[in-house]
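Heads up: the structure comes next, in structure tokens.
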Amino acid sequence: LGIFWVGQQTQLNHFERADRNLAWIHLAFLAVVSLMPFSTSLLAEFITFRLALVVYWLNIVLLGATLFASWTYARAAGLVRADVPTEVASAMRRRIVIAQTLYAVGAALCVFGTTWSIAFIVLLQLNYAIAPNIPWLRRL
């Protein structure tokens with residue numbers, strides 16, 4: 001959750017203002033956040049079940065989708081500060097898309113076993129949480 005919370009805060013730092021639609025998108029984000037304890041608990045209880053892993057992954061996908069929707073809407077509605085460089089805007093979208101793609105890869109690994117899938121997702125989350133200063137990982 002911390003990773004997504006930081007992502008949301010990063011977006012909010014680039015907004016000049018908000019409107020009703022953006023507020024609803026962020027309320028949807030908070031609603032999805034409130035589902036995270038359920039999906040995490042389900043995965044912990046049924047760690048060998050692929051369905052539990054898919055439910056957890058869907059929760060992560062919804063979190064990323066709402067952040068993506070927030071950024072996309074804010075840019076289209078002119079809510080992003082004018083001084084935000086285009087590199088920041090493209091980096092914001094790229095990081096969300098790459099992260100969600102890698103989470104999907106992690107979920108797909110459950111074909112080989114949920115342990116592989118969970119290990120990959122945990123490593124991915126550690127990468128985003130720690131943000132190591134390794135050149136090829138910084139672009140993720």
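The values are calculated or read from the model by the stated rules, or taken from the named source; none is laboratory data. Quick caveat: nothing in here was measured; it's all calculated off a predicted structure. Heads up, the Cβs are rebuilt from the backbone with ideal geometry, glycines too, and the neighbour counts pull from every protein chain shown. Keep in mind that these areas ignore ligands, DNA and RNA; they rest on the heavy atoms of the full protein, side chains included. Shrake-Rupley method; radii C 1.70, N 1.55, O 1.52, S 1.80 Å.
Some points to look at:
- 222 nm mean residue ellipticity, helices alone, for the chain (DSSP H n ≥ 4; -39,500 (n - 2.57); rounded to 500): -26500 deg cm²/dmol
- Sparse-neighbourhood loop sites, GluC sites (Glu not before Pro) in the range 1-102 - DSSP loop, at most 12 other Cβ within 10 angstrom: 16
- Cα centroid of the range 98-115 to Cα centroid of the range 1-79, whole Å: 18
- Accessible area per residue, Å², the range 1-137 with all protein chains present, probe 1.4 Å: 58
- Rounded to the nearest whole Hz, the Karplus-based 3J(HN,Hα) values (6.51 cos²θ - 1.76 cosθ + 1.60, θ = phi - 60°) of the range 79-86 follow the sequence 8, 7, 3, 5, 8, 6, x, 4, with x at glycine and proline.
- Solvent-accessible area, 1.4 Å probe, carbon plus sulfur percent, for the chain: 71
- The chymotrypsin sites (Phe, Trp or Tyr not before Pro) found in the range 6-98 that occupy coil by DSSP, while having at most 14 further C-beta atoms within 10 Å, are 46, 49.
- Taking N as the residue count of the range 1-137, its C-alpha radius of gyration divided by 2.2 N^0.38 Å amounts to 1.12.
- For the range 67-126, trypsin sites (Lys or Arg not before Pro) are listed when DSSP marks them as loop and at most 15 other Cβ atoms sit within 10 Å of their Cβ; the list is 81.
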